[in-house]
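Everything on this sheet refers to the single structure shown next.
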Ligand code: T4K
């Protein structure tokens, strides 16, 4: 049965509309639309409290936030990242002349394998940018140990991991800093948006300066910077969505259980698993298509699309197989066997408040 309307991966979760409209009226009344207004300040205070972190600087999006973070940390030369990530992770480095060096991932968690990371370190390496892919945290302790051993910096692209914890502590507290995305397609959105969380006062100050062209007062620029500011309207959306954070996480957990009950009965298909005691947003419903499944991953995606279920292949084919990296580093794939294997098998299914048990049942009926 074809769904009447397309079911997107990344259909936004939207909070209390009346409350949002009240915020908009207040913003218009104040005639203060951007540049660290009241909504941005309130949003940042709430983020800090929720994450238990000293600083959380909101940004226009996570891509610019990654660029600012890398620059503020003085990363240069080579920085190690996974290829199994959204292209923004690599581009944020390449845009400022830093070479992203792709290290392979762990077969079970799809996150950077600390052993593979250490193998990629050269005299040019200045840092590691771990990515908590699909909201499962990296092996933070082991990555930190590698960084410390080699005297390089560790930061995280935590675009997927807002609301998640590692060993009981909220993501946002690890490495030199961590970068969140609040893009419309994330389970918690501010239309567009992001934030950099850190417990380092000096780094936070530098990031605040760089986000606002390097201004340290009227007519006084003391640092190179860009425009990374979040608007008031985006912060208002973030504040409204904060009120339903627990609800969305509960919906995603319920969806996960519904998918799991159906998918575990299907030969050759498996859902990724989460570390139960940890907090997790479960915002991506990720399944792996194995050899025993009657269709290839691509055939399954095609079949679902024909029924208006717009499943995705995140993060196929891997950053190293996209330009400019494919041309600049044509042999990178030779050292990425796990990435290449996993990227060929992944399918991401719709979740969030746009789907329910009945819809999931129908989707699984198409798959099974
Ligand atoms: N690091 C990582 C690890 C990331 O995954 C991302 C972004 C970033 C960094 C950078 O964060 P931001 O700079 O974006 O804050 C989407 C998102 O745009 C992107 O934010 C996300 N990761 C990535 C995994 O997915 P696309 O190009 O695949 O799809 P897009 O944005 O066209 O939308 C996906 C689906 O959602 C579409 O089928 C339609 C649906 N959709 C989309 C929007 C915007 C809606 O239903 N409503 C909407 O408003 O990148």
When ranked by the protection proxy of mean other Cβ atoms within 10 Å per residue, highest first, what sequence do the peptides 290-297, 190-197, 134-141 form? 190-197, 134-141, 290-297
With equal scatterers on the alpha carbons only and no solvent term, can you work out the Debye log10 of I(q)/I(0) for the stretch 1-155 at 0.11, 0.13, 0.18 1/Å? -0.61, -0.78, -1.12
Shape call for the stretch 328-368 from the C-alpha gyration tensor, a ≥ b ≥ c root eigenvalues: rounded (a/c under 1.5), prolate (a/b greater than b/c) or oblate? prolate
Residue-span extension gain [residue 76 to residue 313] - 0.36 nm each, minus C-alpha spacing: 82.2 nm
Determine, for 149, 206, the number of other Cβ atoms within 10 Å of each Cβ, and report the residues in order from fewest to most. 149, 206
I'm checking a number: the convex hull volume of the Cα atoms of the stretch 137-224, normalised per residue, in Å³. What is it? 114
Taking the square root of 5λ for each eigenvalue of the C-alpha gyration tensor of the stretch 195-330, the equivalent ellipsoid has semi-axes, largest first and in whole angstrom, of 41, 23, 15
Equivalent ellipsoid semi-axes - Cα gyration tensor, the stretch 68-148, angstrom: 19, 14, 11
Can you give the alpha-carbon Rg of the stretch 268-332 over 2.2 N^0.38 Å, where N counts its residues? 1.44
Using Cβ counts within 10 Å as a stand-in for footprinting exposure, how do 320, 183 rank, fewest first? 183, 320
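Stretch residue 33-residue 328 to full length: gain in nm at 0.36 nm per residue minus the Cα-Cα span?
Using 0.36 nm per residue and subtracting the Cα-Cα distance, I get 102.0 nm.
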Taking a crude spin-label model, label points 7 Å out from Cα along the C-beta direction, the residue 357 to residue 96 distance in nm is 4.9
For the chain, divide the Cα radius of gyration by the Kirkwood radius and give the resulting Rg/Rh value with two decimals. 0.97
Of 252-259, 56-63, 110-117, ordering from highest average Cβ density within 10 Å down gives 56-63, 110-117, 252-259
With r as the distance between the Cβ atoms of residue 145 and residue 124 and R0 = 25 Å, compute the FRET efficiency 1/(1 + (r/R0)^6) and round to 0.05. 0.75
Give the calculated FRET efficiency between residue 199 and residue 306 to the nearest 0.05, with a Förster radius of 30 Å applied to their Cβ-Cβ distance. 0.05
In whole angstrom, note down how far apart the Cα centers of the stretch 58-130 and the stretch 223-249 are. 24
Cβ density ranking, 10 Å radius, fewest first, applied to 315, 162 yields 315, 162
Which value in nm describes the separation of the simple spin-label points at residue 247 and residue 216, placed 7 Å from the Cα toward the beta carbon? 4.6
Express the relative contact order of the chain as a whole percentage, based on alpha carbon pairs under 8 Å and six or more residues apart in sequence. 23
Just to be sure I understand: if I project the alpha-carbon convex hull of the stretch 96-190 onto a plane and average over all orientations, what area do I get in nm²? 6.7
Whole-Å distance linking the alpha carbon centroid of the stretch 202-217 with that of the stretch 272-348 is 37
In nanometres, what is the gap between the two model label sites at residue 1 and residue 292, each 7 Å from Cα along Cα-to-Cβ? 2.9
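Here, each number is a calculation from the coordinates, and none is a lab measurement. None of the values given here were measured: they were computed from a predicted structure. Every residue, glycine among them, receives a Cβ derived from its backbone with ideal geometry; neighbour counts consider all protein chains shown.
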